[in-house]
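The values are calculated or read from the model by the stated rules, or taken from the named source; none is laboratory data. All values derive from a computational prediction rather than experimental measurement. Neighbour counts run over all protein chains shown; Cβ positions are idealised from the backbone, glycine included.
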Amino acid sequence: MFPSPVHIYTDGSDAEDHVSSAFVIRHQKKRNIHHQTQLSLAANAIILAGVVCVWLQPCDLPSPQFTRDTLKGHSRPESSSRSAFLDQRDTLWMRSAGAWRDAGLYGLLDEITNSAEEVPRFLAVGSACVLALLRWASSFHGSLFPHLTLSSDEMVAEFSQMLDWSDSALRSFAWHPHTDKFAVALLDDSIRIYKSNSSATPTLKHRCQRSVCALQWKPLCGSALAVACQSCLLIWHVDPTSLSTRPSSGCAQVLSHPGHSPITSIAWSPTGSLLVSASPVDTGMMVWDVAAESAVPLQRVGGGGVTYLSWSPDGSRLLAATPSALFRVWETRMWTCERWPCLKGSCQSACWSPDGGCLLLSMQGERVIYALTFSDLTGGSKAASVVADLSETSFPGPDGDLTVGGEVCSLSWDPRGERLAVLLKGDSQAVNHPSVIAVFKTRSSPVFELLPCGFVMGEAGAEPRFMQFHPHFQHGALLTVCWSDGRISHVPFYFSSAGLLGGDSPQQALASNTADHSSNKLYTEQIS
Amino acid sequence: LAFIHQFCLRLKICMKCGCARPDSHLIYFQVVIWRAVASIAWSVLLLPVTTAVFVLLSRFSLFHPIQWISDCTSLLAASSTIFSLVVLCGVVLITGFFNLEFYTLVPSIPCSRMALLGTVLHPRQCVHSLVYCTMGMLVMWCASVTIGGRYSTLGTTCRQSESGEVVTCLNEYHLFILLAGAFMGYSHSFLGVVQNMYYVSFQPIQQYKYPRFKGCLPMVVKCSVIQALYSARNFAAFYFFFGYAPKTWISSTLNLQIDSSLQPLDSLTGLLDLSLLYHLSISGTFLYLTWYLTVLLFRIYVTEAYSFPVQSTFTEDAEQSLPKVLAEKNTLVMKFLALQDLALLSQHSLSRRLEVFSLSQPGGHAHNWNAISRECLSLLSELTQRLVAHQDAVASNGRVKSQSTPRLSVPLRTPGSVFKSSVGGANSALTAPFTPDVDSPFSSPAIRRLVGQQDPQSPCFGTVQSPHIMRRGPKPWSASTGLSHLVAASFSEDQFGVVQTTLPNILSCLVVLLEAVDRHFKLPHASSKPVRTICSMGDSTYKTLRFLLRAVLKTTIYKITTTFGEHLNAVNISTEHRKRLQQFLEFKD
């Protein structure tokens, strides 16, 4: 399905032996349950061999590009368009009703306070007092949870997995878990669906579809796509056989719950039976039975909301990150949770190993990757361990020194568990310090290992904003990257899986890998 | 006390009947009755808490907080409060008993307004309403005693205006509160019918009882406040128009004077008494909260997962084993619990799955798997037949039907009920109201079963694929595995045989059902969504069961097709079915 015209990407296999012998430090944990590898980018000269700039497209996967100019974002909110009209004084009743409708209790109180000359004095004073009290309470609440002071759009931008969400032409991206199609949410609040071998791109638009923050296709289903919007949750049913390019809004189910917006993260259970949604303003996450349109709230005090959800591939656990320095891991049998307080920032991104036994996490502002292990027999680890240190290191690149490393913004693990992509934030002020995606080889048995494999960088000026692995690429792994210039590109990694060869010993797997890549070139041309 | 006595008597009779019944009912008594008793016990234990909150709220005074607190503390220890608590316990016991008696797993949906009227006027329902009216009055009496002040007694001393002598007058406030209790009791009983209050549905996720209770508590409080406000408004209007009649009747029967110096309550100025309305609302909230909490606890306890043994070691326990309970016809709740257990074990418990796939020990028959799959398949095919029968009925007089069921002009006639009623009509099953309507096709047994149905495939497929690969794979590798591996391999081979024989049946059954459901959605009204209710204790999930059924069916088939993949071509099924499955393989459905 994906003919490989040139073998483009190096896996750095030739360097592998050196890496594992010279720079990878293994140490066993006290309880002897889990071995881990700590790896540091610093002083690792060998990784240089893997520095490549890749720009390629497997033939039949669509890789569209969107620019901000062609997409018209929705204009200002309705309230700000008021200035374009002549001021018309309504009666107090009309204005109060309007304020109540537009802005709720706050608006009503504000309106009464502002029109003090028309209302009885005690009412004006009373509403001013209540308003002051409410503001004080909310600022107190806001001082506990600073994210609550953000506006709805700012909150979505803050907690979206798409970096620099508000500025980006691409708002969200999702591969279908079983077929070669993906959905892209755009700046103009529309969603487009691209399929391989098909030129038809259905465009989804809905009145409620504002500020799309996350997309996910329903597993074990050909048609359902869940969309996290500013005010509600939309479930689109896009008939895969239909030729229509504009499915009507009747194909969408609207799910909403008071106090549960904006929604910043959604996760389908791997069996497709449940959908969980999270909002940074709601301390409870909603477990939806989508067909019945009913929700069970799972409330836990603390954290101030839920920002990011990730379901383990085996369906047994669910990560729920909060805006504070705390995250929870729910087990999905009886829906109880473990609390994991973090030392510093909140959990920024996370990914599960394919067997659901290992969770890699990145924290806001930190340059390391943490790992947590879970096991039904032993209960798993009691503390997260650092598995990789990704602070800045400089390498001699093709044109001058290149600084790589920084805050870990996003993590993605390929479905076979052999490649890990890490999005490292660059420094926009510095010259040679771009955002890059570092790719690691991973192996979970007999010991957990991370081996540097290479970097993925975009064209000049283009920075990676979002990445996701193709869920079922036949010949290895396929990383899809959304760039800041509105481009979507696919980066294939061709390898034969060690697991499929039945390699019991790591030596055997290593040997087979090396043999497979012995003909690979280390450096590849940039193709654009 | 008389009530408690009566209740105990009835419970005893119940127990006796239960003991007289055969063994299969024993487990019903072991499980359901004990759960009901536990839920009632918890409701009784919660009473002091709710009463304390009620006392605090009823005596609330903003400007004298210390006096307020000390008043409430002394009131809580007073003998009148203790006596009220005893009466309230009786009320809770009767409520719990009614829950146990009236609960249903299959919602009863009246076909038309006349049918609804028939349900409301049914003797059984009349008794229910009467009992709830009485209980409402009792609770409100307790509330009025607790609030004290002008509400406490029915008769007060008053001075006649012309003669100046002291006589006993009727205390209208007390009467007002008591009548409100009766009114709320009746509306609770009536809304119970309309909103299917006694319908117990199983949750999509499993939770422990305490977190679930904690999660539902805000919803219950909100519902009872809203319901109390509505009832207070309606009762005020009712009393304004008809309040004169009970007042004069009571005063003439009990020979109480009517104090003419006070403002009568069945007037606009009398009703615009903020303190009265406040006390009415919080007493109503207290009343509804007591009832709703009992219902909620009952639901939580009854739907808690119960783990049946897959295979019984001893013959006396054989009735409790999963396949036996699955085949249960009489007690629906046990069947539901068994299906829920099946769904859970298929997803979460490897050891119990292995038990299902194991072979009987002498004989080597796959009794467990056969019994379970047979039961699931018969349920599915029964549902299919019912759907087909319904479609035939509609097709034969479709025009007449579609004209006779007008558009959604009547709020009660949601699409669900229209649909259901036509099916009910076709099967002539809705003759007796309030008997559990087993014939309604989209009752949740079908759904839950499917959830259970879907997954027995997946675990067996985890083990099935390995023999496939093993067969093709290199022989030496098989040969070289140790004895333990061999045992495991032969074990999985056996399983494969077990499942393979039933696989064509399962697939064709699912596909036929899916086709029937697809055809069903082409009928008028079937694909329209019901209106969402905002806040009520009644569970309205049954209205969307058909959507759930379709979604679950598709997911089930996808689950099978993705796990089996190309191996499905080797399964012996008819060509049309194969075509349909091919669509699923390509994710085109």
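Odds and ends about this structure:
- Counted residues, segment B:274-326 - those being closer than 30 Å to residue B:131 by Cα and of a type in the set (Asp, Glu): 1
- Residue match in segment B:279-289 (condition: farther than 23 Å from residue B:236 by Cβ, buried (at least 20 other Cβ atoms within 10 Å of the Cβ), among the aromatic types (Phe, Trp, Tyr) and touching a residue at least 12 places away in the same chain (Cβ under 8 Å)): no
- Number of the condition not met by residue A:167 [criteria: (1) charged (D, E, K, R); (2) modelled with pLDDT of 90 or more; (3) out of contact with any helix residue (DSSP H, G or I) (no Cβ under 8 Å at 6 or more places or on another chain)]: (2)
A quick yes/no check of all residues on (1) touching a strand residue (DSSP E or B) at 6+ places or on another chain (Cβ under 7 Å); (2) at pLDDT 80 or above; (3) among the hydroxyl-bearing types (Ser, Thr, Tyr):
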residue: A:42; (1), (2), (3): yes, no, no
residue: A:50; (1), (2), (3): yes, no, no
residue: A:63; (1), (2), (3): yes, yes, yes
residue: A:74; (1), (2), (3): no, no, no
residue: A:82; (1), (2), (3): no, no, no
residue: A:95; (1), (2), (3): no, yes, no
residue: A:103; (1), (2), (3): no, no, no
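To keep it simple, each residue is scored yes or no on (1) within 10 Å of chain B (Cβ to nearest Cβ); (2) over 19 Å from residue B:348 (Cα atoms); (3) touching a residue at least 60 places away in the same chain (Cβ under 8 Å).
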position	(1), (2), (3)
A:252	no, yes, no
A:299	yes, yes, no
A:314	no, no, no
A:344	no, yes, no
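- Within segment A:184-200, being within 14 Å of chain B (Cβ to nearest Cβ) and of a type in the set (Val, Ile, Thr) holds for one residue alone: A:193.
- Residue check for residue A:388: in contact with a Phe, Trp or Tyr (Cβ under 6 Å, 6 or more places away or on another chain) and not β-branched (Val, Ile, Thr): no
- Of the criteria (1) within 14 Å of chain B (Cβ to nearest Cβ); (2) at positive phi, which one residue A:305 fails: (1)
- Restricting segment B:194-225 to residues that are modelled with pLDDT of 85 or more and closer than 21 Å to residue B:345 by Cβ, the residue that is farthest from the other protein chains (Cβ to nearest Cβ): B:209
- First in segment B:305-321 and on the phi < 0 side of the Ramachandran plot, second anywhere and modelled with pLDDT under 70 and small (Gly, Ala, Ser), Cβ under 7 Å, 6 or more apart: B:319/B:24
- Unmet criterion (only one of (1) of a type in the set (Gly, Ala, Ser); (2) over 30 Å from residue B:335 (Cβ atoms); (3) in contact (Cβ under 8 Å) with a residue 24 or more places away in the chain) for residue B:149: (3)
- Some residue of segment A:232-244 being part of a loop (DSSP other than H, G, I, E, B), within 11 Å of chain B (Cβ to nearest Cβ), within 27 Å of residue A:364 (Cβ to Cβ) and free of Cβ contacts under 8 Å to residues at least 60 places away in the same chain: no
- Checking the stated criteria, residue B:83 turns out not to satisfy the condition of being touching a His at 6+ places or on another chain (Cβ under 9 Å) and assigned by the TED database to the domain that holds residue B:185.
- Across segment A:254-267, the number of residues qualifying as within 14 Å of chain B (Cβ to nearest Cβ) and β-branched (Val, Ile, Thr) comes to 1.
- Considering each residue of segment B:52-59 in turn, at least one proves to be modelled with pLDDT under 95, surrounded by fewer than 19 Cβ atoms within 10 Å (Cβ to Cβ) and in a loop (DSSP other than H, G, I, E, B).
- Only residues that are part of a loop (DSSP other than H, G, I, E, B) and away from chain B (no Cβ under 14 Å) were counted across segment A:201-230, and they come to 13.
- Matching residues, segment A:131-155, being loosely packed, with under 11 Cβ neighbours inside 10 Å and small (Gly, Ala, Ser): A:137, A:143, A:151
- Checking A:280, A:323, A:270 one by one, the residue that is within 14 Å of chain B (Cβ to nearest Cβ) and either among the polar types (S, T, N, Q) or assigned to a loop (DSSP other than H, G, I, E, B) (or both) is A:270 and no other.
- Cβ-Cβ contacts under 6 Å between residues 6 or more apart (or on different chains), taken from a first residue in segment A:401-418 that is buried (at least 22 other Cβ atoms within 10 Å of the Cβ) to a second residue that is of a type in the set (Phe, Trp, Tyr) and modelled with pLDDT of 90 or more, are listed as A:412/A:469; A:414/A:469.
- The condition (being of a type in the set (A, V, I, L, M) and buried (at least 18 other Cβ atoms within 10 Å of the Cβ)) is satisfied by just one residue among A:383, A:462: A:462.
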